[in-house]
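What follows is one structure encoded as structure tokens, with my remarks underneath.
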Amino acid sequence: MALIVQKFGGSSVANIERIENVARKVIASRDAGNQVVVVVSAMKGETDRLTDLAHAAAQTSNPRPRELDLLLSTGETVTIALLTMVLERLGAEARCYTGAQVQILTDSAFSKARIQEIDAEPIREDLGAGRIVVVAGFQGVDENGSITTLGRGGSDTTAVALAAALEADECQIYTDVDGVYTTDPRVVPTARRLDQITFEEMLELASLGSKVLQIRAVEFAGKYQVPLRVLSSFEDGPGTLITMEGEDMQQGSMEEPLIAGIAFSRDEAKLTMLGVPDTPGIAAQILGPIASANIEVDMIVQNISNDGLTDFTFTVQKRDYERAMETLRRLAAELSAREVFGDTSIGKLSLVGVGMRSHAGVASKMFDALAAEGINIQMISTSEIKISVVVEEKYLELGTRALHRAFDLDDESGRTVSVEGQSA
């Protein structure tokens, strides 16, 4: 008997009809001989509705975090109750739990809490009694008894954390796509669904713009070696298995794909400070205050020194642009910088694949493909399994299609797909 954790997102539980569809999938898995734990998100649009209510009530865009988390957690609480009622109506014995009832213990970082500990014993007792267990995703409780939330997409993290605590055989993430694709099928209709991908590749894709899985969930799964499978809530199929490198993958073999996927992100902004002193520690002097403002920096370029001066450029998420620019302007006077300017019309395009470790020439092939389309590269960042470039935002989709063709990632059957999901 296998123990399976299944997670269903907001679009999968958007109304009673879809909740019934989820219930039937869960019962089918139980009838196949599995013990099943279900993690659900709030119904589609509910978190946004509750957020709008909070802003209206508090008359501010920043309501008190503790009370906001309590409010937002009610979305998932509604869903677990409804799903449990439907399961019982369909003849399955079920029991539901909020994050606090399961004792998903987190820190007190409201809106972005991190899981510290899970008491899995009540769930084990229910599973042993033959019940289906339904748990609210996205939420937990801190040591003071305050309700906390894990941030957008946090239900994925809840599911993986429960799978780790229960030593589940597999964690299945049901969404509105039938797996992980080589890129966003809405941009490249011939994008191919991957049968398997490594945790490392999936983590890179998630961090670079693919929204199939939350980054923290992939990190958690990789750390505790929880096999993940991405499946469709609306159609049957094998989905995509996310697992450790080396499991049924032969590193360096001819069958190993060179590139697993292409990710792109529009949520990018570039800031430049011209004419700063080229002295030891200048990067820390610039980026230290940026970090203190809780702004995450991505790509960094420092130019060659000229007359003792250098230019310093870095990228941040677009929502952090104004705050980062304010910080840079304050620093400019202190550092006697010549000028500070920025650009919010950029995007990031990335190739990801463990096959890069054993193949040369990936970067040059990428640059040739972009050059052939007249796309200028502004910044470059590389790692062992990733190459990212910054280009004008208007060229992101053209660049994605060009790279998809250049690296032979199109579906060989020539079929096209139409989905809501994988996006940047």
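The values are calculated or read from the model by the stated rules, or taken from the named source; none is laboratory data. Keep in mind that this is a model prediction, so the values were computed, not measured. All Cβ positions, even for glycine, are placed from backbone atoms using ideal geometry, and neighbour counts span all protein chains on display.
Please specify each residue of region 317-368 satisfying the condition of being assigned to a helix (DSSP H, G or I), of a type in the set (Ser, Thr, Tyr) and touching a residue at least 60 places away in the same chain (Cβ under 8 Å).
Selection gives Ser358 alone.
How many residues does region 180-212 hold that are among the hydrophobic types (A, V, I, L, M, F, W, C) and in contact (Cβ under 8 Å) with a residue 60 or more places away in the chain?
Of the residues in that region, 9 qualify.
Residues are listed down the side, and each one gets a yes or a no for (1) surrounded by 15 or more Cβ atoms within 10 Å (Cβ to Cβ); (2) more than 25 Å from Leu213 (Cα to Cα); (3) at pLDDT below 95; (4) not basic (Lys, Arg):
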| position | (1), (2), (3), (4) |
| --- | --- |
| Ala360 | no, yes, yes, yes |
| Phe367 | yes, yes, no, yes |
| Asn376 | no, yes, no, yes |
| Gly399 | yes, no, no, yes |
| Ser413 | no, yes, yes, yes |
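Hey, does region 223-244 have a residue that's in a helix (DSSP H, G or I) and out of contact with any strand residue (DSSP E or B) (no Cβ under 6 Å at 6 or more places or on another chain)?
Looking only at region 223-244, we keep the residues that are in a helix (DSSP H, G or I), and these are 223-224.
Narrowing further to those that are out of contact with any strand residue (DSSP E or B) (no Cβ under 6 Å at 6 or more places or on another chain): 223-224.
Scanning region 223-244 turns up at least one residue that is in a helix (DSSP H, G or I) and out of contact with any strand residue (DSSP E or B) (no Cβ under 6 Å at 6 or more places or on another chain).
Is region 42-52 home to any residue that is within 26 Å of Tyr224 (Cβ to Cβ) and polar (S, T, N, Q)? I'd like the intermediate steps shown before the answer.
Of region 42-52, the ones within 26 Å of Tyr224 (Cβ to Cβ) are 42.
Keeping just the survivors that are polar (S, T, N, Q) gives none.
Scanning region 42-52 turns up no residue that is within 26 Å of Tyr224 (Cβ to Cβ) and polar (S, T, N, Q).
For region 121-149, how many residues are buried (at least 18 other Cβ atoms within 10 Å of the Cβ) and either hydrophobic (A, V, I, L, M, F, W, C) or over 25 Å from Val13 (Cα atoms) (or both)?
12
Within region 3-33, work out how many residues are surrounded by fewer than 17 Cβ atoms within 10 Å (Cβ to Cβ), without any contact (Cβ under 8 Å) to a residue 40 or more places away in the chain and more than 29 Å from Asp69 (Cβ to Cβ).
The qualifying residues number 5.
Out of (1) part of a helix (DSSP H, G or I); (2) more than 26 Å from Arg66 (Cα to Cα), what's the single condition that is false for Phe220?
(2) is the only condition that Phe220 fails.
Counting only residues that are more than 20 Å from Leu194 (Cβ to Cβ) and either among the hydroxyl-bearing types (Ser, Thr, Tyr) or touching a Phe, Trp or Tyr at 6+ places or on another chain (Cβ under 8 Å) (or both), how many does region 164-182 have?
Of the residues in that region, 1 qualify.
Looking at (1) polar (S, T, N, Q); (2) under 15 Å from the mean Cα position of the chain (by Cα); (3) outside the structural domain of Thr77 (by TED's automatic domain parsing), which is the one condition that is false for Thr157?
Thr157 satisfies every listed condition except (3).
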